[in-house]
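Enquirer: Before I ask anything, here is the structure I am working with.
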Amino acid sequence: MSIAAASLFGRWRAVTQTALQRPTIPKSPGNQGKHRVTKRRAALSNPMFTLVTVVNVKNKAPAEVQITAEQLLREAKERELELLPPPPKQKITDEEELNDYKLRKRKTFEDNIRKNRTVISNWIKYAQWEESLKEVQRSRSIYERALDVDHRNITLWLKYAEMEMKNRLVNHARNIWDRAITILPRVNQFWYKYTYMEEMLGNVAGTRQVFERWMEWQPEEQAWHSFINFELRYKEVDRARSIYERYILSNAKNLAFSTEPVYSISGTRLNSMLGKTFDPTFFQPKKTIESGAIVFFACFLLYVWLFLNIRALVMVHPDVKNWIKYARFEEKHGYIAHARKVYERAVEFFGEDHMDENLYVAFAKFEENQKEGVCGPMCICRRGSRVIYKYALDRIPKQQAQELFKTYTIFEKKYGDRRGIEDIIVNKRRFQYEEEVKANPHNYDAWFDYLRLVESDTDADTVREVYERAIANVPPTKEKRHWKRYIYLWINYGLYEELEAKDPERTRQVYQACLELIPHKKFTFAKIWLMYAQFEIRQKNLPFARKALGTSIGKCPKHKLFKGYIELELQLREFDRCRKLYEKFLEFAPENCTTWIKFAELETILGDTERARAVYELAIGQPRLDMPEVLWKSYIDFEIEQEEFEKTRNLYRRLLQRTQHVKVWISFAQFELTTGSDDTVMKCRQIYEEANKTLRNCEEKEERLMLLESWRSYEQEFGAESTQQRVAKLMPERVKKRRKLQAEDGVRLTAVCRLGFVPL
């Protein structure tokens, strides 16, 4: 509880106790007034009288502004109620006071340590305080006591060694670092600081010795590089090379297990493996062991040895980057032959099972950079780089060779010819398409692009293989919209076999396999049937073509199939077959006016007008037609070509019985003008008058206006002035009226509305 809250609580408690400790006077008829006076005086004498009166208000409703605990704490903070005054400064004037101060501080530190010995921070503060007083011996004693408590605490060792180094006690610091790396050899920080101290002291031999001790523990990569950099700082290139050899090939050495019997391992070797003292007399070399316990213990030691070797194998793995660093080290110092040998050893070491693109990229760039500016495009180093790139690309999986391929492309653009660059680009695109079709096998657009690429650059077997892979991805559902893109794979396959590969038999097999695959009961593709038939005709196999088209009409009749079959027979001048096909077509789709017209035109071309007229009569007699106006117009044009004007008039009358469209009347009137008889003008005017009477009650006034305009044009050309005036009087006039409209927001607007045409 804060000081402000405590003060408020104390005030409330004082008021409560005061109210409870008021003097009580027994109530009697004689002392009632005295009791009231005493009560009032006690209340007035109370220093918290105002607070009491506030508490005893009659209105118990909550105030509009409430006071929260946060406001109380903020007010206490503003008034600085919790600030404590700083302790007074103490000045030590003589040695006695100093000793007394040291005694108190040491007692405090010792008490803290006695309370909890495992809190290392107390030990460190104690030792640092002693160090600040130049009591190095006491500080050293405290650190030693702390190490007895927790000898695996890294911070404690570091502080201990730093204390010795600050006071320039080098030998003591060496002893501490030796103890630290002996007890905790896997803490790299100890080794780094130890080697740094020795190097700063100029003790190069001692630093190298510490590094050698460190390398026996097979540390991480950075430790090896630190050792190498140390040797390079002192121009010891040969020593650095030997460190690289040990560093990279440590894995191979670890795999070289001893061929001696387990019970002949020397004590020294076990000491180096286990890091502990071992009695060499426990195992006698080359002696037969009969005791089962000794054999069991020997197996246990072998297991420990294997564990340590496997641990070293994991920690110091000869990665590709380390081989590359080794080779670049040799190249940097001018040992080109050594660098090339390192790359070759790396390639041989990893083999074909563990190939890495980074190694081959570095190897190729190394060869590329040799004698740059002297060699031409076909120099040995350029050819060597190209051989390395191709060797790696042929053996490394494509998805793992992105950087290798990119680097090879840049190399070919710099030093290669046109054909080499094109091959690189084609291979890159091929890899992209492979990734796309692998991600989504039903992406037919990707297959089209891929097939177009391989058709332009590879042999027929490769193209066929890609086509077979593509057509194997059949759409999962039997819906035509999913098959529309897929079917073109078969079409392109057939065209490739016929036009590029020149293999008619394989082309026929492709078309037949495609037709067997399509579910004809649900849908079909007329294009496939027609292309197959046309292929057989090109191969001069007319029966096969007719058989294919007949099968298509029998299985899945379609308009396009009938039209294609009829067109084929027309080209072959097989008119009887065309008639039969038209009959089948009209049985399949009697509402198709285009088919009726084509059939009649065929009969007209063949000179059989009666058959053509009969076809037209059958057509106009159908109860349902898709385009009847086109059919009637074709029939009328046919009769006009035959100069059968009376039959044409009858056809117009029959058509007007079915429809009173204005265009039919106008066409009828214009027909009369083309007959060339003497009473042509009179008959034409009679048709216009009849049409005007018929359309007078028509709701569509625009149609009557079209008729009158056509009639007026006719009278202006062929009629007299009286007839022209008569038609002019029949013409309507445009009437405009204004009316008020109300918009959506309620505002009234005035608009002009055209009501139509009203005749005079």
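Enquirer: Assuming 0.36 nm per residue, please report the length gained on full extension of the stretch N171 to R383 beyond their Cα-Cα distance.
Expert: Length gained between N171 and R383: 70.3 nm.
Enquirer: In percent, what relative contact order does the stretch 477-617 have, based on Cα pairs under 8 Å that are 6 or more apart in sequence?
Expert: 13
Enquirer: Which three numbers, in whole Å and largest first, are the semi-axes of the equivalent ellipsoid of the stretch 456-611 derived from its Cα gyration tensor as √(5λ)?
Expert: 34, 19, 11
Enquirer: Which pairs, out of K522/K563; K502/K547; K414/K502; K89/K115, put more than 31 Å between their alpha-carbon atoms?
Expert: From K522/K563; K502/K547; K414/K502; K89/K115, over 31 Å: K414/K502.
Enquirer: If the cut-off is 13 Å between C-alpha atoms, which aspartates and glutamates fall inside it for K134, apart from same-chain ones fewer than 8 positions away?
Expert: Reachable aspartates and glutamates: E164.
Enquirer: If you don't mind, there's one more thing I want to ask. If you roll a 1.4 Å probe over the heavy atoms of the protein chains, what accessible area per residue do you get for the stretch 522-571, in Å²?
Expert: 50
Enquirer: Using a probe radius of 1.4 Å on heavy atoms only, what accessible surface per residue do you get for the stretch 116-176? Whole Å² is fine.
Expert: Using a 1.4 Å probe on heavy atoms only, each residue of the stretch 116-176 averages 54 Å².
Enquirer: Let me ask something additional. Compute log10 of I(q)/I(0) for the stretch 83-195 with the Debye formula, placing one identical point scatterer on every Cα and leaving out solvent, at q = 0.22 Å⁻¹, to two decimals.
Expert: Debye intensities relative to I(0), on a log10 scale: -1.20.
Enquirer: Looking at the calculated P(r) for the stretch 586-638, what percent of the C-alpha pair distances fall above 12 Å?
Expert: Across the stretch 586-638, Cα pairs with separations above 12 Å total 58 percent.
Enquirer: Another question, if that's okay. Taking a threshold of 27 Å on the Cα-Cα distance, which of the pairs K584/K647; K398/K480; K560/K647; K478/K555; K478/K527 fall above it?
Expert: Those over the limit are K584/K647; K398/K480; K560/K647.
Enquirer: Sorted from largest to smallest, which semi-axis lengths in Å does the alpha carbon gyration tensor of the stretch 539-623 give for its equivalent ellipsoid, taking the root of 5 times each eigenvalue?
Expert: Equivalent ellipsoid of the stretch 539-623: 24, 16, 8 Å, largest first.
Enquirer: Please give the FRET efficiency for I640 paired with H520, using the beta carbon to beta carbon distance and R0 = 41 Å, rounded to the nearest 0.05.
Expert: With R0 = 41 Å, the Cβ-Cβ based efficiency is 0.40.
Enquirer: Computed FRET efficiency, Cβ-Cβ of F448 and S667, R0 35 Å: what is it to the nearest 0.05?
Expert: Once the sixth-power term is evaluated, E becomes 0.10.
Enquirer: Please report the carbon-and-sulfur percent of the accessible area for the stretch 603-721; probe 1.4 Å, protein heavy atoms only, DNA, RNA and ligands left out.
Expert: Solvent-exposed carbon and sulfur of the stretch 603-721 make up 48 percent of the total.
Enquirer: With each label point set 7 Å from Cα along the Cα-Cβ vector, what nm distance links I491 and Q622?
Expert: Placing both labels 7 Å beyond Cα along the Cβ direction yields 2.8 nm.
Enquirer: Order E497, E709 by their accessible area, 1.4 angstrom probe, all chains in place, largest first.
Expert: Largest accessible area first, the list is E709, E497.
Enquirer: Can I ask one more? Return the carbon/sulfur percentage of the accessible area of the stretch 451-521, one whole number, probe 1.4 Å, all protein chains in place.
Expert: Taking all protein chains in place, the stretch 451-521 shows 48 percent carbon and sulfur surface.
Enquirer: Continuing with the same structure: What percent do you get for the relative contact order of the stretch 82-173 when only Cα pairs under 8 Å and 6+ apart count?
Expert: The normalised contact order for the stretch 82-173 reaches 17 percent.
Enquirer: Cβ under 14 Å from E162's Cβ, E162 left aside: what net charge do those residues give with Lys, Arg +1 and Asp, Glu -1?
Expert: Result for the local shell: +4.
The values are calculated or read from the model by the stated rules, or taken from the named source; none is laboratory data. All figures in this text were calculated on a predicted structure; none of them were measured in a lab. Note that each Cβ is placed from the backbone with ideal geometry, even for glycine, and that neighbours are counted across all protein chains shown. Accessible surface is based on the protein model in full, side chains and every heavy atom, while ligands, DNA and RNA are left aside. Shrake-Rupley method; radii C 1.70, N 1.55, O 1.52, S 1.80 Å.
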